[in-house]
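Written below as structure tokens is the structure these notes are about.
The values are calculated or read from the model by the stated rules, or taken from the named source; none is laboratory data. Keep in mind it's a predicted model, so treat the numbers as computed, not measured. Positions of Cβ are backbone-derived with ideal geometry, glycine not excepted, and every protein chain shown enters the neighbour counts. Side chains included, ligands, DNA and RNA excluded: accessible areas come from the protein's heavy atoms. Shrake-Rupley method; radii C 1.70, N 1.55, O 1.52, S 1.80 Å.
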Amino acid sequence: MSFFVLLKGSVTKYNFDYINKRNPKRLDDTKVPNKVFKHDIDSINSGVYAIEIMTKGIQVLAAQDTVNEAMDFMSKYGVHHIPIIVDNRLVGLVSYSDINQAKSSDRLEQYMTKTILAAHENTALRDILQVLMHENIRSLPMVDDNFKVTGILTINDVFKWMLANHKYTK
């Protein structure tokens, strides 16, 4: 199962094969190689894919935007995670908990998570769920073949999908 780690402006393909080996280690960004890979969609059993349930057409902010702008944005759109872009490239992710205690005039670049785990929009939901649980995260930015942000998949998106598919809630 392949995901991408965006670290200091470079994109690296990262495999989470160790999850199946019951290894308790999580992603260690100090060991991520600094090579850029083009995504190749793994052949996965048919099922549900991120693109089917992710939130599309999301709004993004820039690293130079302020905490106050992000808080207003979160309140207005009812979101807790905002992808941060520079020149149409994903460079960070800000969550409500990252900026909750920050000064409103501070820039987002001071608080954003700079090592971001992202997935291709055609990744199987099963694989995404394994990574979300293992890495103890609540959202993943979704990218296309050019690493452009196309959406975000949060645990709320998964819950909404489960409720809409009654076979999971009987």
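Observations on the model:
- Fraction of accessible area attributable to carbon and sulfur, the range 78-170 (%, probe 1.4 Å): 49 percent
- For ALA63, the amide hydrogen comes within under 5 Å of the amide hydrogens of ILE85, counting only partners 5 or more places away or on other chains and with H modelled in the peptide plane.
- Dipole magnitude of the range 103-170, debye to nearest 20 (Cβ charges: Lys/Arg +1, Asp/Glu -1, about Cα centre): 320 debye
- Using R0 = 25 Å, the C-beta based FRET efficiency linking ALA63 and HIS134 works out to 0.35.
- For the range 116-129, Karplus couplings with θ = phi - 60° (6.51, -1.76, 1.60), whole Hz, Gly/Pro x: 10, 9, 10, 10, 6, 4, 9, 7, 5, 4, 4, 5, 4, 4
- The range 49-123: Cα Rg divided by the 2.2 N^0.38 Å rule of thumb: 1.10
- Cut-off 18 Å (backbone N to label point 7 Å along Cα→Cβ of LYS103), residues of the range 49-84: 64-71
- Kirkwood Rh in Å, taken over all unlike Cα pairs in the range 101-150: 12.8 Å
- For the range 122-163, the equivalent ellipsoid built from the Cα gyration tensor has semi-axes of 18, 12, 10 Å, listed from largest to smallest.
- Rg/Rh for the range 68-170 (Cα atoms only, Rh after Kirkwood) is 1.00.
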